[in-house]
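The structure appears right after this line, and notes come after that.
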């Protein structure tokens with residue numbers, strides 16, 4: 001491949017990784033918001049379920065993207 005195509009391929013991989021990590025963060029925010037709705041009584045579920053959702057959302061927001069990024073870099077960022 002030419003250097004130009006390699007660069008395009010690398011940029012496409014980087015964009016894909018960025019989209020995945022951003023989606024994971026938005027998922028974490030959604031879990032936190034859902035958990036707060038449960039805790040506040042807006043959604044009729046047990047309080048403990050809301051707390052679990054909030055904690056899972058925070059973990060998803062702060063730690064999962066880092067783990068995915070590390071795994072992505074360890075694999076070389078390719079789709080093998």
Among 51, 42, 19, which one moves the most in a GNM of the chain with springs linking Cα atoms closer than 10 Å? 42
Compute the acute angle (0 to 90°) between the alpha-carbon long axis of helix 47-62 and the principal axis of greatest extent of the alpha-carbon atoms of the chain; round to the nearest 10°. 20
Expressed as an acute angle from 0 to 90° and rounded to the nearest 10, what is the orientation of the C-alpha long axis of helix 3-40 relative to the principal long axis of the chain? 0
May I ask you to give the average projected area over all directions of the convex hull of the Cα atoms of the chain, in nm² rounded to one decimal? 6.1
Angle check, please: helix 64-75 long axis (alpha carbons) against the longest principal axis of the chain (alpha carbons), in degrees 0 to 90, nearest 10. 20
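None of the figures in this text is laboratory data; all of them are computed from the coordinates on show. On a predicted model such as this, the values are computed, not experimentally measured, just so you know.
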